[in-house]
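The next block holds one structure in the form of structure tokens; read it before the comments.
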Amino acid sequence: MKYTYTIQMATGRRQYAFTLTELLVTLSITSILLGSSAPLFTGIIMNNRVVTISNDLLTALQVARSEAVKRNQDVTLCKSADSLSCGGNWSDGWIIFSDKDHDRRLDPVDGDTLLYTKKFDSLEYFISWNAFRSDNYIQYNAQGFIHSNNGTFKLCPPDNDVHYARAIIINRVGRARVSADSNNDGVHEDSRGRALVC
């Protein structure tokens, strides 16, 4: 038999209330549902984070390439810890500058112009660049081609879970693309079709 309690207020209106047992059962069910959905939210957050970082890097590569063509001169994208010069780690951020004297150093005295900066204060992802010539920079010429052979940026989460790893692949003519999961196993593949490894 179920009891519902009513309380007569001084104003003459009735209020209905739950029993303590009903309240405890409701709280228990709610906490179980919230606890079981927490891993799902973590996955969504990690996926959104890697998509954002990938898009930032892809945008930087496209800006560098288009500026090189537009300015009809070399444009360099390099890792930068201070947003003023090349150096540090890719996870610190990067700068893009017109490189009039082709030396891959930002020298305003030599006519170089800083075009774009990206700085991460505390990026949890590890970003690495692997290419034939140098792991420190990417340089586009006036035709939009890169000076080195193709290369790959790899983005790895702090726990090295490959399900949240991505790659930005740059081909020999300078076009960049984000890696894909072509075999639907939950892990993106590199330019040769091999699963990414962090």
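Since every read-out is calculated from the coordinates, none of them should be taken as a lab result. Keep in mind that this is a model prediction, so the values were computed, not measured. Virtual Cβ from ideal backbone geometry, glycine too; neighbours counted across all protein chains shown.
For this structure, a couple of remarks:
- Highest-fluctuation residue, 45, 168, 127 considered, GNM on the chain with Cα pairs under 10 Å: 45
- Over the stretch 29-137: Rg over Rh, Cα atoms, Kirkwood Rh: 1.18
- The chain: relative contact order as a whole-number percent, Cα under 8 Å and 6+ apart: 15
- What the Cβ-Cβ distance of residue 130 and residue 161 gives, at R0 = 22 Å and to the nearest 0.05, is a FRET efficiency of 0.60.
- Choice from 122, 28, 54 showing the highest fluctuation, given a GNM over the chain with Cα pairs closer than 10 Å: 28
- Fully extended contour minus Cα-Cα distance, from residue 28 to residue 150, at 0.36 nm per residue: 38.4 nm
- The residue among 152, 52, 68 whose Cα reaches farthest toward the positive pole of the charge dipole of the chain, with charges on the beta-carbon of Lys, Arg, Asp and Glu, is 52.
- Gap separating the Cα centres of the stretch 75-121 and the stretch 48-69, nearest whole Å: 15
- For the chain, the fraction of C-alpha pairs farther apart than 32 angstrom is 37 percent.
- Student exercise, the stretch 85-126 dipole from Lys, Arg, Asp, Glu Cβ charges, in Debye to nearest 20: 100
- Debye, to nearest 20: dipole size of the chain, +1 on Lys, Arg Cβ, -1 on Asp, Glu Cβ: 680
- The angle between the Cα long axis of helix 20-71 and the longest principal axis of the Cα atoms of the chain comes to about 20 degrees, rounded to the nearest 10.
- For the chain, built as a Gaussian network whose Cα springs stay under 10 Å, the top-fluctuating residue of 35, 88, 174: 35
- Separation in nanometres of the label points that stand 7 Å from Cα toward Cβ, at residue 101 and residue 17: 8.2
- Exposed loop sites are taken as trypsin sites (Lys or Arg not before Pro) in a DSSP loop (any state but H, G, I, E or B) with at most 10 other beta carbon atoms within 10 Å; the longest stretch of the chain without one runs 14-191.
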